[in-house]
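All remarks here apply to the structure that follows.
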Amino acid sequence: MRVVPDPYLPSHGDVRYAVEHYDLALDYRLATNRLDATATLRVRARESTDALRLDLSGLHVDKVKVDGAKPRKYTHKDRVLTVKLAAPLAPDATATVEVTYSGKPGPVPGAHGPAGWEELTDGVLVASQPYGAPSFFPCNDRADDKASYRIAVTTDSDYTVVATGRPTSTSARAGRTTWVFEEPAPTASYLVSVVVGRLTEQSLPGAGGRAAVFRPRGRTLPAESPMLRLPAMMDALEGWFGPYPLATFRAVVVDEALEIPLEAQGMASFGTNHLADAWDNERLVVHELAHQWFGNAVTGALLRDIWLHEGFACYAEWLWSEERGLGTANERAARHHRALPMQKQATPLSDPGMPAMFDDWVYKRGALTLHALRAAVGDDAFFTLCRSWVADHRVASTGGFVDHVARVTGTDRTPLFAAWLHEVALPACPVVGPR
Ligand SMILES: [Zn+2]
């Protein structure tokens, strides 16, 4: 796949190189919101280059080293850290870039509001989609530039840290604790998260260690909380879409209300308002879990491909609704199809534009597109192509999905996709036959 700047975020990322691994050491003081950090990036040049551009917002760069030595020069302005190399990197050559930085982290402003590192009343939450990752580490902030991570967070010992990756160790010294996490799976920078809070881990019966809830200390989960259904949701999603792509899933409930939950790699953050037994909470839990397959394991190369994340996650809600006897996928599809004309849609699903990319119609029309595809190809072919889509792709595009469907089903579905993805007019509501 050709690597190009993202037209929705042209000021982020650098196409000249890829990051293979990030090693982040974050020392954070809650009382003063002070971060002292070192990020060590192993990078590989895609083309010959004498400079590397990294995204880093609102923090001060104290020192930069490339392969252990001073670079020719570096500048940091307008959220861009430009490192001029002492000698050009040849295509495919690797280098280690070490950035020492510090300051008071805060969210990155943008078209969808502030994103990234955010102080809570008592703790921290990082929700970066789509442009918040530079709020706490220097990165090549492109959704298609996926890397492995090691993240060490040191903070006050009476707090719990949950971050992207499998927890591998904790060590305490002088009232401060270092938590280490490792994520070997290719991970997009916007999916890297850190939550710091007074939290308690609650393992879930039937999860086999693969799913857990972190809840605010002293707060119990309601008896019928949708969080308790995570093991059953995971079983259902695996049946439809194939094996869970990571080691574990952690639902992290912070001790305040959140407008929306948000997925990260191997975890998702929720507010205390999402704990109660209600369909609107339950669908959000299954939605964020489904993102581990769609969005996290298979990531749209460009932000305009967002329907490949949100359409699938929304469709997982409808499948789960049917599984639970709360309305069939056909019923959910019909209801949302009736409501869609009330929503302003000026652009096609395949390229909704930056301002509209998180509009509800993108989610619902995306799910309806998948329902139409399922109605056209039948259940066996549909779920087979969903599973191989996840198994065979790490970075994806809408065109790649259309090609994948043709390859797996042996039939070109261009007219169906043209109507649902490239036109604005809403096609008739699809109906799938009995399973
Ligand atoms: Zn979503």
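Derivation of every value follows stated rules applied to the coordinates shown; laboratory data play no part. Everything quoted here is computed from the prediction, not taken from an experiment. Please note: Cβ atoms are built from the backbone with ideal geometry, for glycine as well, and neighbour counts cover all protein chains shown.
Just a few scattered comments:
- Virtual spin-label span in nm between D36 and H60, 7 Å along Cα→Cβ: 1.3
- Within the shell defined by Cβ-Cβ distances under 12 Å, the residues around V377 carry a net charge of -1, with Lys and Arg each +1 and Asp and Glu each -1.
- For the stretch 3-20 and the stretch 362-409, distance of Cα centres in Å: 26
- Gyration tensor verdict on the stretch 164-245 (Cα atoms; rounded if a/c is under 1.5, prolate if a/b is larger than b/c, oblate otherwise): oblate
- For the stretch 199-290, the dipole from Cβ point charges (+1 on Lys and Arg, -1 on Asp and Glu) about the Cα centre works out to 280 debye, to the nearest 20.
- Burial ranking of peptide ranges 165-175, 73-83, 129-139 (average Cβ count within 10 Å, highest at the top): 129-139, 73-83, 165-175
- Helix 230-241 axis, angle to the chain major axis (alpha carbon atoms, nearest 10°): 70
- HN-Hα J in Hz across the stretch 96-111 - Karplus 6.51, -1.76, 1.60, θ = phi - 60°, x for Gly and Pro: 10, 10, 10, 10, 9, 8, 7, x, 9, x, x, x, 8, x, x, 4
- Calculation over all alpha carbon pairs of the stretch 199-290 in 10 angstrom steps from 0 returns a P(r) of 18, 57, 24, 2 percent.
- Using a simple spin-label model with pseudo-atoms 7 Å out from Cα toward Cβ, D122 and R176 lie 2.2 nm apart.
- Net charge contributed by nearby residues that have their C-beta within less than 9 Å of D50 (K/R +1, D/E -1): +2
- Crossing angle, helix 398-409 versus the chain [Cα axis fit, 0-90 degrees, rounded to tens]: 50
- Cβ-placed point charges (K, R +1; D, E -1), dipole of the stretch 17-197 about Cα centre in debye, nearest 20: 520
- Calculated SAXS-style log₁₀ I(q)/I(0) at q = 0.09, 0.16, 0.22 Å⁻¹ - the stretch 223-358, Debye, Cα scatterers: -0.27, -0.90, -1.47
- Residue order, fewest to most surrounding Cβ atoms within 10 angstrom, among K65, K70, K104, K364: K70, K104, K65, K364
- Look at the dipole of the stretch 299-422 built from charges on Cβ: of G378, A316, T347, the Cα furthest out on the positive end belongs to T347.
- Note on the stretch 1-148: the alpha carbon radius of gyration divided by the globular reference 2.2 N^0.38 Å gives 1.02.
- Shape descriptor for the stretch 96-153: Rg over Rh equals 0.97 (Cα atoms; Rh from the Kirkwood inverse mean 1/r).
- One decimal place: the segment A406-T94 gains 108.6 nm when fully extended, by the rule 0.36 nm per residue minus the C-alpha distance.
- Contour minus Cα-Cα distance for N273 and R53 (0.36 nm per residue): 75.2 nm
- Potential lengthening of the chain between Q343 and V424 amounts to 28.0 nm, from the contour at 0.36 nm per residue minus the alpha-carbon distance.
- Angle in degrees between helix 329-339 and the longest Cα principal axis of the chain, rounded to the nearest 10: 80
- Using distinct alpha-carbon pairs, which all enter the 1/r mean, Kirkwood radius of the stretch 299-422 in Å: 14.7
- Calculated FRET efficiency, A391 to S169, Cβ-Cβ distance, R0 = 35 Å: about 0.65 to the nearest 0.05.
- Cα-centred dipole magnitude for the stretch 68-113, charges only on beta-carbon of K, R (+1) and D, E (-1), debye, nearest 20: 260
- Remark: relative contact order (the chain) = 11 percent; criterion is Cα-Cα distance under 8 angstrom and separation of 6 or more residues.
- For the stretch 251-287, the list of GluC sites (Glu not before Pro) that fall in a loop by DSSP and count at most 16 other C-beta atoms within 10 angstrom reads E256, E259.
- Set against the 2.2 N^0.38 Å expectation for a compact globular protein, the chain has a Cα radius of gyration ratio of 0.98.
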